[in-house]
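Worksheet: one structure, shown below.
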Amino acid sequence: MNDQAPMIELRHVHKWYGTYHALKDVSLTVNRGERVVVCGPSGSGKSTMIRCINRLEPHEEGQIVVDGIELTDDARQIAAIRAEVGMVFQQFNLFPHLTVLENLVLAPVWVRRMKRAEAEELAMHFLERVRIPEQAQKYPGELSGGQQQRVAIARALTMRPQVMLFDEPTSALDPEMIKEVLDVMVELAKDGMTMICVTHEMGFARTVADAMVFMDAGEIVERAPPEKFFAAPESERARQFLSRILSH
Amino acid sequence: MGEALRWTRVNLFGSVPSALVTLIAAYLVVRGLWGFAGWALVHAVWHASNGRACIAASGGDGACWAFLGVWGRFILFGRYPYEQDWRPLLVIVVFVALLLASCDRRLWGRWLALLWLAGIAANLVLMLGGVFGLAFVPTDFWSGLPLTLILAIVGLAAAFPLAILLALGRRSELPAVRALSVAYIELIRGVPLITVLFMASVMLPLFLPEGTTIDKLLRAQAGFILFYAAYLAEVVRGGLQAMPAGQYEAADALGLGYWRKMRLIILPQALQISIPALVNIFIAGFKDTTLVTIIGLFDLISTASNAITDPSWRGFYIEAYSFIGAIYFGFCFFMSRYSGALEASLRRGRR
Amino acid sequence: MFRSKAKIGALLLQALAVGAVLAVGAYLVHNALANMERAGIATGYSYLGREASFEIGESLIPYSPADSYGRALVVGLLNTLLVSGIGVVLATVLGTATGVARLARNWLLKKLALVYVEAVRNVPLLLQLILWWDVLRVSAPPPRQAWHPLPGVYVSVRGIALPVPVLSPPHWDVPHLTAFNFTGGITLSPEFAALLIGLAVYTAAFIAEIVRGGIEGVSRGQTEAALALGLSQGKTLRLVVLPQALRIIVPPMLSEYLALTKNSSLAIAVGYPELMSITNTTLNQTGQAIEAITLMMAIYLAISLVTSFAMNWYNRRIAFVGR
């Protein structure tokens, strides 16, 4: 895998839910180290698109290539891709029957076959990076929403992924907890992590994004650097969307 | 065509173990169906004069449906006087019609409840006779499918009001009332139905003053009612608990007394939430009517068991029991499908 | 002393309720005593010490007709526990496998499991027990031509003969045909076998639905998070889904175990001498129906209460730790 090849490539991807055309001819290239923020009205296919990247949803037409590996029905290829792609969910999806520490070491031990002690050291390192090492022995149910999401980010990081996918990571949080999660994401971006982030947090996008991707009704309508996107969006749909979301 | 092939590949041969399972299961299913079709259709005998002739005609490995042709009517209606068989038949038709009508949600309401009461009363009169020129038939002769339906429907219908009282009692703030309700419910739920039926049929006569006798069917029916009242009570209680506190508060704020609050606001909603669970209890109750055969009532199992002891038609227990098995399956499967559909539509409606 | 009329009313109502129950109870007891005296039936539980003088076909402890009614009752109770205990194990294994099969990706497996569950759940248990019993009693061949479905397993009109593992020296004691019957291994009577198989098959169908509900009850997000981390389907099921599913599954599962135990009382219809059958014989011989039936109900009630406590204890232990 040479460093010049794009990290993630979607080529003419189509997806249907029954007769509903969820993704229409979606093509996207994300290079190593790039931070892409995807925005758009609800139902535009943003979540569907990134969930196709790690095969939580299958795509019907087109190709998806992650770090040179093409995404097909082949179980081994899917497993290889999932080990390189980390995902953070809107609903956190922490495992409630395990402690925070156990949540983090589960994948390294069972997928990367790390020794438990080594995995725990790694886990504590990332818990410190998200600034909650003292919660290691607690259960997810004992943590606040913001803390849980930070644990979820740390959990994805313990697999040392090449790319991080964020599916509306702050949408389920109370307002006062959004900042603590965004701060962690900004730090991650500064450290050079390749990221695709679906979010409504435009302030975050302005700070961190290399490219804004606007989706509507299953298609990518516009892609531009944030300064240009916010100041002078090319498409009418993007203009309407921005005016609604930025007005308050 | 390509779609069908893709489906087959994923769903039947998705992996090596899956393909193995498909091959083994398919083989067993085909063999089983082939054998069953052979027994039930190909080698089956549809007309014969007696059991021995039937076995001879089928060569020993075919079903003897002729047995049902001769004994089917007895299995359905039992010891009811032969010429009066149109009465239990009408009873079955009325009950089935009421059940089907109750499936339509648009008909739910006071009218349907009254229709049911009228239907039950009419059926009881029809079975018993003694009025309107109908010959009197004592309950000892009630048997077969009409008996099963009467036990189940009358039993659960009568258990219902008692269940509501018990459920309200269990949630009552008065400690004595609550204690009595809890004791009753937990006692009944802790013992098998057969012991309650035994208690009703064997013990009850001992508890009554000398000389009074209670009809055997009535005793069994009473046992049934007392038993199912406890189970229905728990379902109703679940419905009451699932009601948001706001409903109770709103009713109190309007100044409604306890009974008005329950009758007009709480119970209608709680019962509606509980309907799928109530249907499940009804299915269980319908199946449990078979237990009365143990205390000497003549339900479908008794009539079937009796039929196969006839000297000239001995031993056709598979034919007899699959006949009544199919009847039970028909009723229960239909009700459980209905309950599932109801649950789905209620969930949708409440979103 | 009392602050409001409502309080007096409530107290009065409760006094009335309790009084009514006591009054009815007293009336019934009075009648019963009078009736029993007239019929010359004794009262009290002293009959438990008298000689039973009836045979019991199968017993875990030594028993003869010279033993007391009390001992006969113990034999019955042990038989109930035996068939329930083994039945619960069999039903759990079969039910769990079927429940998982209901969620399998293989369409044929899924549908077969569905057919089994629907067929068994919609036919009364008593009918199924009678069917199993008649198959074993009537259709089964004589020992000479016994059915031989698996190595060491022989099904004949005498029952089901099974091999038994022996500890020292370690080997299998396999049944073999001698003269008119099988020796070696263990032979389950047709009554016991019919009851056990019938109860296990019936209860397994309900357990299958409980297991299925439990696994489906774990939110999809949990599976997605595990898969996104790179865990295989198998590991996801084992490490993430099943531990959470168990919390949903165990309480209704314990209820099914209790239901199976209560359903074992249907043994009276297939001739297996457990608690219900023996109580029935006892009350027929002594005429002391009230004592016999209440004692039997008390025993079942005790079993139920133990199960309830177990369920509550489990629920409290595994509740998710929350804020």
Practice prompt. Examine region C:159-173 for a residue that is buried (at least 22 other Cβ atoms within 10 Å of the Cβ) and part of a helix (DSSP H, G or I), and state whether such a residue exists.
Written response: no
Fill in: From the options A:Pro169, A:Pro108, residue that is within 24 Å of C:Gln244 (Cβ to Cβ), assigned to a helix (DSSP H, G or I) and not β-branched (Val, Ile, Thr)
A:Pro108
Discussion item. Just to be sure before I move on: is B:Leu162 on the phi < 0 side of the Ramachandran plot, surrounded by 19 or more Cβ atoms within 10 Å (Cβ to Cβ) and modelled with pLDDT of 90 or more in the structure I sent?
Written reply: no
Worksheet item: Could you list, in sequence order, the residues of region B:111-129 that are over 20 Å from the mean Cα position of the chain (by Cα) and either in the same structural domain as B:Thr148 (by TED's automatic domain parsing) or among the β-branched types (Val, Ile, Thr) (or both)?
Response: B:Val125
Worksheet item: Can we say B:Leu267 is in contact (Cβ under 8 Å) with a residue 12 or more places away in the chain and either away from chain C (no Cβ under 14 Å) or surrounded by 15 or more Cβ atoms within 10 Å (Cβ to Cβ) (or both)?
Response: yes
Worksheet item: How many of the residues making up region A:59-94 are part of a strand (DSSP E or B), at the interface with chain C (Cβ under 9 Å from one of its Cβ atoms) and over 19 Å from the mean Cα position of the chain (by Cα)?
Response: 0
Response to the item:
Counted residues in region A:35-58 being within 12 Å of the chain's Cα centre (by Cα) and at positive phi come to 0
Item to complete: Identify the residue in region B:182-220 that is under 22 Å from C:Leu16 (Cα atoms) and more than 10 Å from chain C (Cβ to nearest Cβ) and, among all such residues, is surrounded by the fewest Cβ atoms within 10 Å (Cβ to Cβ).
Response: B:Val182
Worksheet item: Which is in contact with a Pro (Cβ under 8 Å, 6 or more places away or on another chain) and β-branched (Val, Ile, Thr), of C:Thr178, C:Thr183?
Response: C:Thr183
Discussion item. So for region B:117-125 (the condition being assigned to a helix (DSSP H, G or I) and farther than 23 Å from B:Asp299 by Cβ), does at least one residue qualify?
Written reply: yes
Worksheet item: What number of residues within region B:26-56 are within 9 Å of another protein chain (Cβ to nearest Cβ) and more than 33 Å from the chain's Cα centre (by Cα)?
Response: 1
Practice prompt. Examine region C:102-112 for a residue that is in a helix (DSSP H, G or I), within 21 Å of C:Ile186 (Cβ to Cβ), within 12 Å of another protein chain (Cβ to nearest Cβ) and not aromatic (Phe, Trp, Tyr), and state whether such a residue exists.
Written response: no
Practice prompt. Please enumerate the residues belonging to region A:191-202 that are in contact with a helix residue (DSSP H, G or I) (Cβ under 8 Å, 6 or more places away or on another chain) and over 15 Å from A:Ile50 (Cα atoms).
Written response: A:His200, A:Glu201, A:Met202
Item to complete: Name the residue, out of B:Val96, B:Val21, B:Val30, B:Val91, that is closer than 30 Å to B:Thr139 by Cβ and either among the hydroxyl-bearing types (Ser, Thr, Tyr) or free of Cβ contacts under 8 Å to residues at least 12 places away in the same chain (or both).
Response: B:Val96
Worksheet item: Pick from region B:282-306 the residues that are aromatic (Phe, Trp, Tyr) and farther than 11 Å from B:Leu217 by Cα: which of them is nearest to the other protein chains (Cβ to nearest Cβ)?
Response: B:Phe286
Worksheet item: Which residue, of C:Ala39, C:Ala72, is of a type in the set (Gly, Ala, Ser), away from chain B (no Cβ under 14 Å) and touching a residue at least 60 places away in the same chain (Cβ under 8 Å)?
Response: C:Ala72
Response to the item:
Quick count over region B:129-148, residues being within 16 Å of B:Phe95 (Cα to Cα) and either in contact with a Pro (Cβ under 7 Å, 6 or more places away or on another chain) or part of a helix (DSSP H, G or I) (or both), is 5
Fill in: Any chance B:Ala63 is among the small types (Gly, Ala, Ser), surrounded by 12 or more Cβ atoms within 10 Å (Cβ to Cβ), within 12 Å of chain C (Cβ to nearest Cβ) and within 36 Å of the chain's Cα centre (by Cα)
no
Discussion item. Would you confirm, using the coordinates I've provided, whether B:Leu278 is more than 13 Å from chain C (Cβ to nearest Cβ), more than 28 Å from B:Pro192 (Cα to Cα) and aliphatic (A, V, I, L, M)?
Written reply: no
Worksheet item: How many residues are of a type outside the set (Ser, Thr, Tyr), more than 7 Å from chain B (Cβ to nearest Cβ) and part of a helix (DSSP H, G or I) when one looks only at region C:131-150?
Response: 8
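The values are calculated or read from the model by the stated rules, or taken from the named source; none is laboratory data. Keep in mind the model is a prediction, meaning the values are calculated, not measured. Quick reminder, even Gly has a Cβ in these numbers, built from the backbone with ideal geometry, and neighbours come from all protein chains shown.
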